[in-house]
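Quick note: the coordinates plus some simple rules give every number you see, no bench work behind them. Everything quoted here is computed from the prediction, not taken from an experiment. Here the Cβ is made from the backbone with ideal geometry for all residues, glycine too, and neighbour counts use every protein chain on show.
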Amino acid sequence: MPIPFGFRRRVLAAVTAAILALSGASQAQEPAKVLLHVAFDQRPIGPYDATALHDDWGVEPSVSSGVPQGRLEVVDDPLKAGHHVLRVRYEAVAIGGDSAMNFRAPVEHGHASVWFQYRVMFAPDFDWVKGGKLPGLGGGDFPTGCIKTGHFDGFTTRLMWRLEGRASSYLYYPGKTDACGDDIPLGVSFERNRWYTITQQVVLNDPGQANGVLVQYIDGKLLKRLDHQVWRNGDTVGIDGAKIETFFGGGTMDWAPQTAQYAFYDEFLITTQSPLAAQ
C-alpha cells in the first residue's frame, strides 16, 4: 500500500527532531531540516514499483530507474530478518546508467550546506570487475558521462567501487582535471556481505571564489576533506538533490559483470545538519 503523505511528513519531522536534539543545535544555528528520508521497513516484500518510487522520492520512473524492468525489489535484510531494504539487480553483460538503478532525487533548493547519507551492502558473491558508481549529491546540470568542461555548470559528488572493492570519490565540477570525472582514492576497500554507512557533506562555493567543500566519511570515519572547491560558476546553481545512481562502468564492456550482481541499500537521508551525531 502507498505510504500516506501525512505519515511520511510525521516521519521527517521525527527524524529532524532527533538530529536537532543530538547535534546540540541552538537557535543561533540554522535549524536542522530533513530534506529527504527514504527507508523501506514500511514497504511490503516484493517489487519496488512506480507508486513506491513516486511516493518515496517524488519522481516518476524513467527507463533508467530500473523500476520498469523489475531491477528494484524490497527484500528482507540478509543480516537482519524482519528489516526491509532495497535490493538492486545489476544486469549481466551490461554497463552504464540503463543497467541497474539511476534517477535523480530532487530536494528543496536554497541551502548552502547539505549532508547526504545512505547504507549499502554488496552481496556475498559480488563481482567487483573494474568498478562502478554509487550515489552522491548534485546540483545545476548534474554533470556526468564525460561531459566536457565548459559545457555545464554544476556538480556531482558520487562515489565508486574500483578493482577489488577499492573506494573512491568520483567528482564532476567546473574545472575538473579528468575528462570523465576526477577520481580520488579514499584509502579503504569495500568488503562483501557487510553494511557500510556512506556520509558526505557539500558546502557550496560563492560564485567566483574557490571556497566550496566536500567532506567524505564511511562508517563515521573521515576519509577525505577537499577545500577550495568550485562547485558552480553561477549563483543560480544550488545543491538540488542526489543522483541515486549505481551501475557497472566505465564506458567499455570490460567493466561489465558476466552474471547478474546484487547490492542492498537502505536509509537514504538528506539533511542540513550532520546525521553523524545521531548515530
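Note on the stretch 107-202: Cα convex hull, mean projected area over all directions, 6.6 nm².
For residue 224, a cut-off of 23 angstrom between C-alpha atoms picks up these lysines, skipping any fewer than 8 places away in its own chain: 130, 133, 176, 243.
Mean projected area of the Cα convex hull of the chain, taken over all directions, amounts to 14.2 nm².
About its Cα centre, the dipole of the chain is roughly 340 debye, where the only charges are +1 on Lys and Arg Cβ and -1 on Asp and Glu Cβ.
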